[in-house]
1. Which of (1) out of contact with any Pro (no Cβ under 6 Å at 6 or more places or on another chain); (2) at pLDDT 95 or above does Thr54 not meet, given it meets every other one?
2. Scan region 57-77 residue by residue and report those that are surrounded by 13 or more Cβ atoms within 10 Å (Cβ to Cβ) and small (Gly, Ala, Ser).
3. Tell me which residues, restricted to region 113-130, are surrounded by fewer than 20 Cβ atoms within 10 Å (Cβ to Cβ), in contact (Cβ under 8 Å) with a residue 24 or more places away in the chain and not charged (D, E, K, R).
4. Among the residues of region 102-133 satisfying the criterion of being among the hydroxyl-bearing types (Ser, Thr, Tyr) and modelled with pLDDT of 95 or more, which is nearest to Thr54 (Cα to Cα)?
5. Can you name every residue in region 39-54 that is over 12 Å from Trp97 (Cβ atoms) and either buried (at least 16 other Cβ atoms within 10 Å of the Cβ) or not hydroxyl-bearing (Ser, Thr, Tyr) (or both)?
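The values are calculated or read from the model by the stated rules, or taken from the named source; none is laboratory data. In this text, all values refer to a predicted model and were calculated from it rather than measured experimentally. Glycine also receives a Cβ, built like all others from the backbone with ideal geometry; neighbour counts cover every protein chain displayed.
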Amino acid sequence: MLERLIFAGLIMAVGVAAWLLYNRWALRQAARLAQRDPLLATVPSGVPTVVYFTTPFCAPCRTQQLPALHQLQRELGAKVQVVQVDATEQPEVADRWGVFSAPTTFVLDETLALRYVNRGVASLEVLRQQLTA
């Protein structure tokens, strides 16, 4: 019994380590990509940007994430740019950015340097804090 428990713990530890390594790799890829990605070619310079990946069948995207982004845009106006990407229509873009679930938001600063990644719903307060930090 103890051997099975130890084995299960090892499997979980390996899984967590693999996830952390993959996440770190994906963040580095996205950070390098953000500086030169054609997706951001139309973003005005000097404006913090939120890159938002969604899908048409994502309920949390429609009911939670999108309203938070709309409210953020109403509050900050031209001081923030939101770029929305439908991952089903542009899977190559989602692959380049390392997106594997929706919603995913990338928060970029004024120089388009990656600051934060939110895998899952990010509340209005979290996004506001990430943009001002």
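1. Result: Thr54 passes all but (1).
2. Of all residues in region 57-77, those surrounded by 13 or more Cβ atoms within 10 Å (Cβ to Cβ) come to 58, 60-62, 64-66, 68-69, 71-73, 76.
Answer for region 57-77, where residues must be surrounded by 13 or more Cβ atoms within 10 Å (Cβ to Cβ) and small (Gly, Ala, Ser): just Ala68.
3. If the condition is that a residue be surrounded by fewer than 20 Cβ atoms within 10 Å (Cβ to Cβ), in contact (Cβ under 8 Å) with a residue 24 or more places away in the chain and not charged (D, E, K, R), then Ala113, Gly120, Val121, Ser123, Leu124 are the ones that fit.
4. Thr104
5. Step one: filter region 39-54 for residues over 12 Å from Trp97 (Cβ atoms), giving 41-50, 54.
Residues satisfying the conditions are Ala41, Val43, Pro44, Gly46, Val47, Pro48, Thr49, Val50, Thr54.
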